[in-house]
Each structure stands twice: as C-alpha cells, then as structure tokens.
Amino acid sequence: MSYYLLQALNGCAYGMLLFLLAAGLSLIFGLMDVVNLAHGGFYMLGAYLALSLVRWTGSFWIALAVVPLLTAAGGFLLEWELLRPLYRRTHLDQILLTFGVAFVLMDLARWLWGADVQSLPAPPGLDRSVLLFGTLFPVYRLFVIALGAALGLALWIVLGRTRLGATVRAGVANKEMTQALGIDIGMVFTCVFAFGTGLAGLAGVVAAPVQGVFPGVDFETLIVTLIVVVVGGLGTLKGSFWGSLLIGEADTFGKILLPQLALVIIYLVMATVLLLRPGGLFGGKTR
Amino acid sequence: MATTRRGKEGTRDGRVTRRQLIRMAAAGGAAAAGARLAGAFPVPAVLGAAPVKIGLLVSYSKVYGQLGEDITNGMTLYFDSVKWQAGGRRLTWIREDEEIDPQVGVRKARKLIEADRVDLLTGIVSTATAYAIRDMVHNSRTILIVSNAGGDQLTRARKSPFIFRVSFSSWQVSYPFGKWFYENVARAAVLTAANYAFGTESIGDFKQSFVPAGGKVLGEVYPPLNNTDYAPYIAQVEKLKPEGTYNFYSGSDAVRFIQQAAQYGLTKKTQITGAGFMVEQDVLPAEGPSALGIYSPLHWALTLQTPENLAFTRAYRERFKRDASVFAMQGFDAARVIVEALTRTNGDTSNKDRLIEAIAGVKFQSPRGPFEFDPATHNVIQTIYVRQVRQVGKTIANVVFENLGRVRDPG
C-alpha cells in the first residue's frame, strides 16, 4: 500500500512541475488565442540563466527570484516588437513566428552554454531526503509540490478576487466587449504574455534540479505542456491545475502498470478527455 | 538545422518575385555557412595531387551534440599532428549533421557520397542511422569508418567489407561484465535500461554471460528513452530489493537517472553498475557525487595509465580546455586509421579493395591499449576495463581497477 502512496506522491510532484508551465501557456492561449511555441524556449532559458546566476552568486534563491523577471522582460519584448504586428494576420503566422523564436532560443542556448548535459544542484537545505512511506523521498520534490500549490492559490486569489484578475477573465471571455468597456486590451495582452513567460522561466529554475539542463529540454517539455493545457481547458486556471495533476498521475501510474504503453499514456488520456469533453476538463466554449 | 529546400517555382512574367529573392538569399547564406564550416580548419599548402575528401557525419545538435563535437575534436587533434597529410596527399573534410534522425542521416550521407563524392565516410553517432545507411554505403562501395554507433548487427548480420568500426559493439562492453558481476557484485540482479535498441541490446548481452554463470534476474525495468521522471521506476527497483543492478542509460537520461537514484537513496541501498556510457565524461560532471561508487565496463577511461593515453589526454586538455571523452578517443583513433591506411596505399583512394586491405591491416597502440581490426567482421578487437567512480583529489573520475582482457565480438 505504501508503495502506491509513494507513487501517488511522485505523480503529484511531477504534476505540480507541469502546472508551473501550463498555467502560463494556458493563460496566453486562452486570452490571446496565440499558441506560444516559444514557451518551451523560455523554460529552457530560465534553466540556463539560473545555472549562470547560481554559479555567479552561489545562491539558488537569488536565481529563483531574478530569473522570472528576466524571462518576463524577454516575453514583453517579444510580444511588443514581434508579435503585435501579427495579430491582424492568421494563426499560422503567429505560430510560425513563435516557432522560429523557439529555434533561435535553442541555438542561442547551445552557443552560450554549450551542448553538454548540465545539472543544477538543489539548494542546501532542500537537497536532503526524508523517510516517507518506508523509503527515502527527496525533500526538493516536496518543495515543488508546495510551490505549485502556493502558486495555484495565489493565482486563484488574483484572478478571482482582484480587479486585475477580473479584467483578464473578461478578456478571455470576450475581448471585443472588454475593449468596448474602455479597457486597453493591448496592454492587458502584453502583460499577460510577459507574466506567462515569467512563469515559464520560474518553472525552468524549479525543474532544473530534477530534469537537468540541456538543449532539447525546451521541445520535450513543450509537448507535455501543450497536452496538459488541452486536457485542462484553454484559459482556465482550474483546468491547468487539475489537468496537470491528472497528467502527472496518469504518467506515473501508466509507467508502472502499463509499461508497454508508457510513451503513449498521456496522449491516450488526452484523446479520451477530448472525446468526452471537447473543450477540455474545464474549458468553456470551444474555439 | 538549416537545410535549403529547392522549390519548383520559376519566375513570374520573367521578374524575380520577393519570395524567390528571399529564397536565394537564404540559399546563399546557407552555402556560405556550409563553406565556412568545411573550410574552418587550417589546411596546409597544396602537395600536388588532389586532396583526399573525407565525409564526417556526426550529430551536432540536440542531446548528442556534445558527442559529435568530441569526435570532431579527437579527429582534429590527430590530423593536426600529421599536418593534415597522408600518403603524399592533403586531407580535407566535409562535415554534416546527422541530428539523431535516421532520415536526416540518410539524406546527408547520400549528399556526401553522391554529390560531394567523398573518398571515405566516417563518424555516425547513432546506431539507428548506421543501420539506415548501411545498404547505401555497401551498394555504392563507399568505405565507412564508424567512430561510434555500437549496434551489434552492424558487424554481424549486416556487416559489409566496406564498413569498419573503430569504436565498440554493445556486446563487447556488456557481455564480459555479466560474469564479472556474478563473481564480484551479486548473484541476483535487477536490470534496467532506456527502452531503445542500444539499451535492450546491452541488457541482453549482459544476461548472456550472467545467467549461465549462475546469476538470477530478479526483474527488468525499461523506462522510455528521454524519460524525465525516473521516480516511478526507481520505486519499482527498490521494491525488488536487489543487492546489485545493471543499468543502461546515456546522455541526459543517465544524468537524471543517477541523480534521482541518489535522491531516493537507491545508490546507498544497492550496488549500482552500468555500461560505461552511463558515467562517461560527457555526463559525469553533471552527475557529480551522486555517481560515486558506481562500477562500469568500458573500453577506455580518462584515468587509464598507458603512455599513449597520458599523452592524448594532456594534448586534448591543452587544445580544447576540457577533458577528453571516450568519443574523442574514438575520433582520434578513426583519424589515425585513415592516415595509416592512406600511408600504406601511398594515397591511392581509387583502388577500393587495396584500401580496404590497408585499413584492415592497421595495428597500433591506441590510448585505450592495443588496437587492431578483426579481419572477419571489421570490428575493433580491444581490451575492456572495469572502472569505479571515485573521488580523485578535487575531481570525480572513473578509476580503472580491473582488466577483463581482450574481447573480440563473435560476429
């Protein structure tokens, strides 16, 4: 029994890692109808920047605080300069642009940091393991669960209880109407985009001690994040949260109960969810 | 990753459209970049005869990008030492990126063989790519000197007189270790590997000597390739309570597996062993103290105390400011094989049979020990060492402490 509880906890930790990424992507997609394929690139950039910052300052916590600001600034610039002129165009043009940015980021990372597989150690204090369910469990993963839950709570409060949150939700529901009410929807877009890429950077820092840092981590993670966002429903925080947990647990238990299907479990889950609820678990109208 | 695509459009009303202009500029840019890459290495003055064209096809992108660079560096180091000449001719190369995708590998190999008309092809990081180009290489009578891809069948069922391998076969690395494991580590083991050809083949090779020696396999676990979270699998291994495990992972998979195994306490509860690639120089620095104590078989180690290896590792470090790896050593030896063969044929690359005979006869003291080819399979015959990851002064390194003797792939 404790074996299954242990695995459930593993799935939860993986799910929270996914949530950090999915939250940003879902907001961007839900609000701006833009599939930001560079999201994985910002995630990877976050991990590499953390690597350099930790080497430079010696502190993981400084990196955790500073890196999201850096990637948010990067996202802000990207949206302002490159993406904005393309809103009048089709989806395809926007996707091509973000896809191109993703390739640029990948090569940039390879050029600046090399092609080696690198590693970011967990900060002292969190690099221990505790006895849980009869075996040693890394404290760092417990930290990831706590951080994910805290972020989820914070986002829920901001989105649900503040004026800013109301503005964003209104924009997701009906951007033309929101604009008609006198709100500068362009600025809201830019800020949400920057916030999304900031979250991606944060996810990069937090995941680096678990995942490792190497070129290619961007696309690997992007694919799983897209699945989570689709399963949870676009533009909803609740969807990102529960979608991440579902995928995290499905992946973990799929690996041990159905190892031959390990590679396709999460795609099967996605297909099933979409068949039953085409908008995702909590998605509203389908676009 | 840039590849130029040739579209079929002509001009519209005789004018060049903007789209074409962009395409031409892109093609021009790509060609310039390609020419720069090809001519990036210093080449000595013309010696009269046409230069030997060597096609180098390795992976420069994604997770195995470092392997491609290491192989290239190893070759550069050797070619520099002979001033890029052999058999009275200048040596030049054209480098292409196989990208880990066999389809891309086939395309690039075809380009090197048919369009660039290389005299020799070398490299190949990925076994899948090696199998994919095998027929093309054989049918076009192109000599291929493999400096990595370790798939057993490449020098067995799918061997070819034109294909030589200077690196290893997965059998050579894992088979001798099975018996050693039974005698020195544990009588029963759990086996895990990344679920792809290299991984499953290695586990099979290990079992071939472990089981007949009396070993008992408690269980086998195969995480998918590029798996992020090993926690569920580590928990499965722990449940079986083995005294020892034999594992196969490489690249980022190896880093994640070792780190997570340490975090979950697996490294303390059981003796972890694995094919040398799991703790090689490309991943050991990232694994750090988590890897301490791990036993691994391989045909080389950074700390191997042969005079050739000491010279090689020192020169490599001085030139490239980083430690050599087994891949760099393989590239170094591939370059040496090419140079020695060309010396024997006096630079003649047109008579393929003569060149094949020359290559097959090459024997020398490599950094890894005595090097020779098996005339029946064209695979290298070499010594396999057992190493353990230990703290050596300020660094963590694979220390050789046992020699499993000369190993020849059965073919």
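The values are calculated or read from the model by the stated rules, or taken from the named source; none is laboratory data. Source: prediction; values computed, not measured. Please note: Cβ atoms are built from the backbone with ideal geometry, for glycine as well, and neighbour counts cover all protein chains shown.
So for region B:102-113 (the condition being touching a helix residue (DSSP H, G or I) at 6+ places or on another chain (Cβ under 6 Å), hydrophobic (A, V, I, L, M, F, W, C) and modelled with pLDDT of 95 or more), does at least one residue qualify?
yes
Please pick out the residue among B:A213, B:A197 that is in contact with an Asp or Glu (Cβ under 8 Å, 6 or more places away or on another chain) and over 19 Å from A:F133 (Cβ atoms).
B:A213
Answer yes or no: is there a residue in region A:87-105 that is within 27 Å of A:K255 (Cβ to Cβ) and in contact (Cβ under 8 Å) with a residue 60 or more places away in the chain.
No: region A:87-105 contains no residue that is within 27 Å of A:K255 (Cβ to Cβ) and in contact (Cβ under 8 Å) with a residue 60 or more places away in the chain.
Take B:F327 and decide whether it is touching a residue at least 60 places away in the same chain (Cβ under 8 Å) and part of a helix (DSSP H, G or I).
For B:F327, the condition - touching a residue at least 60 places away in the same chain (Cβ under 8 Å) and part of a helix (DSSP H, G or I) - is met.
Could you look through region B:238-251, keep only residues that are without any contact (Cβ under 8 Å) to a residue 40 or more places away in the chain and surrounded by fewer than 20 Cβ atoms within 10 Å (Cβ to Cβ), and pick out the one that is nearest to the other protein chains (Cβ to nearest Cβ)?
Only one residue fits best here, namely B:K239.
Can you tell me which of A:A50, A:A73 is exposed (fewer than 15 other Cβ atoms within 10 Å of the Cβ) and under 19 Å from the mean Cα position of the chain (by Cα)?
Residue meeting the stated conditions: A:A73.
State which residue is farthest from the other protein chains (Cβ to nearest Cβ) when the search covers only region B:266-304 and only residues that are over 21 Å from the mean Cα position of the chain (by Cα) and over 26 Å from B:G178 (Cβ atoms).
Only one residue tops the list, namely B:P289.
Filter region A:78-92 down to the residues that are surrounded by 13 or more Cβ atoms within 10 Å (Cβ to Cβ) and assigned to a helix (DSSP H, G or I) and list them by number.
The answer is A:L78, A:E79, A:W80, A:L82, A:L83, A:R84, A:L86.
Here are some residues: B:A157, B:A193, B:A149. Which one is touching a Gly at 6+ places or on another chain (Cβ under 7 Å) and under 29 Å from A:Q260 (Cα atoms)?
B:A193
Evaluate region B:252-259: report whether one residue or more is closer than 26 Å to A:V139 by Cα, more than 9 Å from chain A (Cβ to nearest Cβ) and of a type in the set (A, V, I, L, M, F, W, C).
yes
If you go through region A:245-287 one residue at a time, how many are buried (at least 18 other Cβ atoms within 10 Å of the Cβ) and within 13 Å of another protein chain (Cβ to nearest Cβ)?
Residues flagged as buried (at least 18 other Cβ atoms within 10 Å of the Cβ) and within 13 Å of another protein chain (Cβ to nearest Cβ) within region A:245-287 amount to 13.
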